[in-house]
1. Using a simple spin-label model with points 7 Å from Cα along the Cα→Cβ vector, what separation in nm is obtained for L16 and L58?
2. Using +1 at the Cβ of each Lys and Arg and -1 at the Cβ of each Asp and Glu in the chain, identify which of L28, F67, L16 lies farthest towards the dipole's positive end.
3. Full-extension gain between L30 and S70, please, as 0.36 nm times their residue separation minus the C-alpha to C-alpha distance.
4. Which ³J(HN,Hα) values, rounded to whole Hz and listed in residue order, are derived for region 24-38 from phi using the Karplus coefficients 6.51, -1.76 and 1.60 in 6.51 cos²θ - 1.76 cosθ + 1.60 with θ = phi - 60°, glycine and proline given as x?
5. Charges at C-beta only: +1 for Lys and Arg, -1 for Asp and Glu. How large is the resulting dipole of the chain about its Cα centre, in Debye rounded to 20?
6. Of the residues L30, L58, L16, which exhibits the maximal mean-square fluctuation in a Gaussian network model of the chain defined by a 10 Å Cα contact cut-off?
7. Quick query: amide H of G18 versus all other amide H atoms, modeled in the peptide plane; which residues come in under 5 Å with a sequence gap of 5 or more or a different chain?
8. How much of F32 can a 1.4 Å solvent probe reach, expressed as accessible area in Å² and rounded to 10?
Amino acid sequence: MADNHATDMDGLAVLLGGPSGLPSPYRLPLGFASGSARLTVAYYGRHHHFERTDEMRLVQGRLVPVFRFSYSTAIAE
(Lines give C-alpha, C1' and ligand atoms only; values in the text may rest on other atoms or scores of the structure.)
Protein backbone atom coordinates (compact mmCIF):
# COMPACT_ATOMS: atom_id res chain seq x y z
CA MET A 1 0.00 0.00 0.00
CA ALA A 2 1.39 3.43 -0.98
CA ASP A 3 1.88 6.16 1.61
CA ASN A 4 -0.07 9.22 0.44
CA HIS A 5 1.06 11.59 3.19
CA ALA A 6 3.25 14.51 2.26
CA THR A 7 6.84 14.52 3.42
CA ASP A 8 9.39 17.32 3.82
CA MET A 9 10.49 16.57 0.27
CA ASP A 10 6.99 17.25 -1.05
CA GLY A 11 7.05 20.62 0.68
CA LEU A 12 3.41 21.58 0.14
CA ALA A 13 0.70 22.88 2.46
CA VAL A 14 -2.78 24.32 2.02
CA LEU A 15 -3.24 27.85 3.42
CA LEU A 16 -6.73 28.93 4.50
CA GLY A 17 -7.52 32.60 5.04
CA GLY A 18 -5.02 35.43 5.03
CA PRO A 19 -4.23 37.67 2.05
CA SER A 20 -5.88 36.64 -1.19
CA GLY A 21 -2.62 36.73 -3.18
CA LEU A 22 -0.91 33.89 -1.29
CA PRO A 23 -0.71 30.72 -3.35
CA SER A 24 -2.48 27.61 -2.15
CA PRO A 25 -1.10 25.02 -2.28
CA TYR A 26 1.88 26.82 -0.79
CA ARG A 27 5.43 25.54 -1.26
CA LEU A 28 7.03 25.31 2.17
CA PRO A 29 10.52 26.75 2.64
CA LEU A 30 13.49 24.36 2.62
CA GLY A 31 14.19 23.00 6.07
CA PHE A 32 10.62 23.50 7.32
CA ALA A 33 9.90 20.79 9.91
CA SER A 34 6.88 18.76 8.81
CA GLY A 35 5.53 18.57 12.38
CA SER A 36 5.64 22.33 12.98
CA ALA A 37 2.48 23.81 14.47
CA ARG A 38 3.07 27.30 13.02
CA LEU A 39 4.07 28.76 9.68
CA THR A 40 5.10 32.37 9.00
CA VAL A 41 4.97 33.76 5.46
CA ALA A 42 6.50 37.11 4.48
CA TYR A 43 4.18 38.79 1.99
CA TYR A 44 3.96 42.46 0.94
CA GLY A 45 5.81 43.87 3.93
CA ARG A 46 4.04 41.79 6.56
CA HIS A 47 4.51 38.46 8.31
CA HIS A 48 1.36 36.38 7.99
CA HIS A 49 1.07 33.74 10.69
CA PHE A 50 -0.72 30.44 10.15
CA GLU A 51 -1.46 27.63 12.60
CA ARG A 52 -1.64 23.98 11.64
CA THR A 53 -5.02 22.28 11.83
CA ASP A 54 -5.73 18.56 12.17
CA GLU A 55 -7.04 18.61 8.61
CA MET A 56 -5.29 17.16 5.57
CA ARG A 57 -6.22 17.89 1.94
CA LEU A 58 -5.52 16.02 -1.26
CA VAL A 59 -3.17 18.03 -3.52
CA GLN A 60 -1.58 16.56 -6.62
CA GLY A 61 -2.43 13.06 -5.41
CA ARG A 62 -0.85 13.56 -1.94
CA LEU A 63 -2.35 14.41 1.44
CA VAL A 64 -0.82 17.66 2.69
CA PRO A 65 -1.30 19.60 5.96
CA VAL A 66 -3.72 22.52 6.23
CA PHE A 67 -2.70 25.77 7.96
CA ARG A 68 -5.29 28.41 8.95
CA PHE A 69 -4.51 32.15 9.09
CA SER A 70 -4.35 33.52 12.62
CA TYR A 71 -2.85 37.06 12.44
CA SER A 72 -0.29 39.29 10.72
CA THR A 73 2.47 41.59 11.94
CA ALA A 74 4.64 44.24 10.31
CA ILE A 75 8.14 43.18 9.33
CA ALA A 76 10.66 45.01 11.51
CA GLU A 77 13.36 46.87 9.67
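1. 1.8 nm
2. Toward the positive end, the furthest listed residue is L16.
3. Gain on stretching L30 to S70: 12.2 nm.
4. Values, residue by residue: 9, x, 9, 7, 5, x, 4, x, 5, 6, 4, x, 4, 8, 10 Hz.
5. 160 debye
6. Taking springs between Cα atoms under 10 Å, the residue moving most is L30.
7. Residues meeting the amide H criterion: F69.
8. Counting only protein heavy atoms, F32 exposes about 40 Å² to solvent.
The values are calculated or read from the model by the stated rules, or taken from the named source; none is laboratory data. Note that the structure is predicted; figures quoted are calculated from it, not measured. Positions of Cβ are generated from backbone atoms using ideal geometry, with glycine treated the same way; all protein chains shown enter the neighbour counts. Surface accessibility is based on the protein's heavy atoms, side chains included, excluding ligands, DNA and RNA. Shrake-Rupley method; radii C 1.70, N 1.55, O 1.52, S 1.80 Å.
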